[in-house]
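The values are calculated or read from the model by the stated rules, or taken from the named source; none is laboratory data. As the structure is a computational prediction, the values presented were derived from the model and not from experiment. Every residue, glycine as well, gets a Cβ built from its backbone with ideal geometry; the counts of neighbours run over all protein chains shown. Areas reflect the complete protein model, heavy atoms only, side chains present, ligands, DNA and RNA absent. Shrake-Rupley method; radii C 1.70, N 1.55, O 1.52, S 1.80 Å.
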Amino acid sequence: MTRALLLVDIQLDYFPGGAFPLVEPEAAARAARRVVDAFRASGEHIVHVFHVSTEDDATFFRPDTPGLAFYPLVEPLAGETVLEKHAPNSFIGTGLAEHLADAGVDEVVLVGMMSSMCIDSTARAAAEAGYDVTVVADACSAPDLTFGETVVPGATVHAAFMAALGSAFATVLTAERVPDGEPRTAAAPSGTLDL
C-alpha cells in the first residue's frame, strides 16, 4: 500500500492565545510531529491542509489573521504539499483527491484538528472514497461543546468521535502504534480500535 499523511488544520487559532483554543492542542501537535518525522524519514507523502473561513461571521481562521498560520512544530517543509480548504471535508474544492490519485495513494493517515469536525468529516469522506483510513487519536484534539444545558468536555467529545470513527470508518491508533518508516504491507481491518 502507498500511504499519505494528512495534517488537517493544525493552525494557531486552535492553540492558547488563538481565537478558538481546543483542549490540549499542544499534546496533539507533539504526537502529530512524531508521525510527521516518521513519514519524512521514509520519504512518504505528506499533505498539509489548512482552513480559511469564508463566512462573514466567522470567529476564527479569518482571512489575513495570524491564527491562520501553521503551528510551528508541524510547519510544512519545502516540497511538501500544502492545500487550502473552506469546508470541513478536506476533499472539497482542494484538489486533494487528484493529488492522492497522482501519487498512487490508497491509504491515508490523519492527524489534526478538530476531532469532532474536520477530522471526522475528512475520515468519513476518505473511507467512502475507498481509501484505507487510519486516524491517530492522540494527534487530534477537540473543543468543549454544549448540547442544550449539558457541557461536554473536550476529552469526552474527542473520545466519542474516535469511537465512532473506529467502529466503521477507520483504524484508530496512537502515534506510537503507527508503523514507522515504511508503508504497511497489510492493513488492519477497517473499523478496529487499536489504542
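A few notes on this one:
- Of the set (1) within 28 Å of G154 (Cα to Cα); (2) open to solvent by 20 Å² or more (accessible area, probe 1.4 Å); (3) at pLDDT 95 or above; (4) in a loop (DSSP other than H, G, I, E, B), all apply to G93 but (1).
- Check on V151, open to solvent by 40 Å² or more (accessible area, probe 1.4 Å) and modelled with pLDDT of 95 or more: yes
- Evaluation of L22 against (1) assigned to a loop (DSSP other than H, G, I, E, B); (2) out of contact with any Phe, Trp or Tyr (no Cβ under 9 Å at 6 or more places or on another chain) (one fails), failing number: (2)
- Matching option when the condition is under 14 Å from the mean Cα position of the chain (by Cα), modelled with pLDDT of 95 or more and not aliphatic (A, V, I, L, M), among S141, S167: S141
- Each residue in the range 118-136 was checked for being closer than 16 Å to V172 by Cβ, open to solvent by 10 Å² or more (accessible area, probe 1.4 Å), not in a helix (DSSP H, G or I) and not hydroxyl-bearing (S, T, Y), and 1 of them qualify.
- Selection count, the range 59-80, where residues are of a type in the set (D, E, K, R) and in contact with an Asp or Glu (Cβ under 9 Å, 6 or more places away or on another chain): 1
Results for (1) hydrophobic (A, V, I, L, M, F, W, C); (2) over 18 Å from T174 (Cβ atoms); (3) in a loop (DSSP other than H, G, I, E, B), shown as yes or no for each residue.
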{"position": "A29", "(1), (2), (3)": "yes, no, no"}
{"position": "D37", "(1), (2), (3)": "no, no, no"}
{"position": "I46", "(1), (2), (3)": "yes, yes, no"}
{"position": "F50", "(1), (2), (3)": "yes, yes, no"}
{"position": "T54", "(1), (2), (3)": "no, yes, yes"}
{"position": "P63", "(1), (2), (3)": "no, yes, yes"}
{"position": "V108", "(1), (2), (3)": "yes, no, no"}
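- Any hit, the range 59-77, residues being open to solvent by less than 40 Å² (accessible area, probe 1.4 Å), farther than 22 Å from G17 by Cβ and either free of Cβ contacts under 8 Å to residues at least 60 places away in the same chain or β-branched (V, I, T) (or both): no
- Looking only at the range 34-49, and only at residues there that are under 15 Å from the mean Cα position of the chain (by Cα) and open to solvent by 40 Å² or more (accessible area, probe 1.4 Å), the one that is farthest from L96 (Cα to Cα): R34
- From the list V172, V152, V157, the one residue that fits, being of a type in the set (A, V, I, L, M, F, W, C) and touching a Gly at 6+ places or on another chain (Cβ under 9 Å), is V172.
- Odd one out for V52, checked against (1) out of contact with any Asp or Glu (no Cβ under 8 Å at 6 or more places or on another chain); (2) farther than 23 Å from V35 by Cβ: (1)
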